[in-house]
Structure formats: C-alpha cells, structure tokens
Amino acid sequence: EIEDLLKYAEAWSTKDDKLGAHLAAYICVTFLGVLEDCIENLIKERANKSKDPEILNFISSIVHQRFKNPDRSAICEILGLFSKEYRDKFSRIIKAHGPEKEALDNIVGNKNSLAHEGTSKLNLSVKDMNDYYKRVIPVIEAIEEVLS
C-alpha cells in the first residue's frame, strides 16, 4: 500500500511541487502509523508464543501505551524490556549512526514537525519518503530476526 502511494504521489509531484510536498507529508504520517503497527504486531506475535493470554494482554497494553514514534532508541528500549540480548542484537544490526537510523529519525521528525508546526516548515519530498521507506524496511526485518 505504501509503495502504491509512493508511485501515485511521484507521478503527481512532478507536475506540482506543492502538491508533492503535501502528498509526502501524508505518506510520512501514514507510513509511521503502519510502521508502529508492524512493530507492535511483531511484538504481540512474540508474546503469543507463551500461549498465555494474560501475558499477551499485558504486553500488548504496555506496547500500545509506551511505544510511540518508533525511532531507533524507542525500538531498542522496547526490545530491552524483553531482554538485554534482544536490544543488543538489534543494536548490532541497526547501527546508531547508520542509514536506517537516519531514515527513522527523519520520518519521526517530519511527522512531529507536521503535527506541531503544520506544513509551513515542512521540507519533505516524495523522493525523500521513497528513500526513507527503502531504508526502513531493514529495521522491520531486523526486529523480525531478533524476535524469532
């Protein structure tokens, strides 16, 4: 779905820069929501391995309450609640100064800027979002690997 949005937005943004910026903002917010949901679902799947509905409910509740704006440090923190090994393994895969962290930071920063300042200071293009999207996919894969 995000890939389809990016293709559609790219076609429109070549004709109208302002429309492209607004579409990029929409995709940024949408993608961050999808990313949060993906990570929450991976964590719930891991919790469900216990076959204990109370544990699953507890972990689901904690993750839903505490996990917002999934930058690298937030992901490390939530994985660290499971174990130091999970946090450390994720940290080895997704480096503190790597392109994935930069992409996460930019997506979260742009979403927060949009939410708190509106579009007046937004400096985001569809091309940027396409790049961020590609660089964040390994983050989801790393979380899957850590939790498997």
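The values are calculated or read from the model by the stated rules, or taken from the named source; none is laboratory data. Computed from a prediction, not measured in an experiment: that's the story for all the values here. Neighbour counts are summed over all protein chains in view; Cβ atoms, including those assigned to glycine, are modelled from backbone coordinates with ideal geometry. Protein only, heavy atoms only, side chains kept; ligands, DNA and RNA dropped before computing areas. Shrake-Rupley method; radii C 1.70, N 1.55, O 1.52, S 1.80 Å.
Summary table
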read-out	value
Which of Cys76, Cys38 is most accessible, then next, and so on - probe 1.4 Å	Cys38, Cys76
FRET efficiency estimate (nearest 0.05) - Cβ-Cβ, Ile93 to Ala11, R0 35 angstrom	0.55
Extension gain (nm, one decimal) between Arg66 and Asp52, 0.36 nm per residue minus Cα-Cα	2.9 nm
Average accessible surface area per residue within the chain, 1.4 Å rolling probe, Å²	58 Å²
Residue-level accessible surface for Ser73, protein heavy atoms, 1.4 Å, Å²	80 Å²
Selected from Glu40, Glu100, Glu85 as most flexible by GNM, with the chain as the system and alpha-carbon contacts under 10 Å	Glu85
Net length gained if the chain between Leu81 and Glu45 were fully extended (0.36 nm per residue, minus Cα distance)	11.4 nm
Answer label, with P(r) over Cα pairs in 10 Å bins from 0, in percent calculated from the coordinates and candidates (i) 9, 26, 27, 24, 12, 2; (ii) 11, 39, 38, 12, 0; (iii) 11, 38, 31, 16, 4, 0	(iii)
Value at 222 nm in deg cm²/dmol, rounded to 500, when DSSP H runs of n ≥ 4 in the chain each add -39,500 (n - 2.57)	-27000 deg cm²/dmol
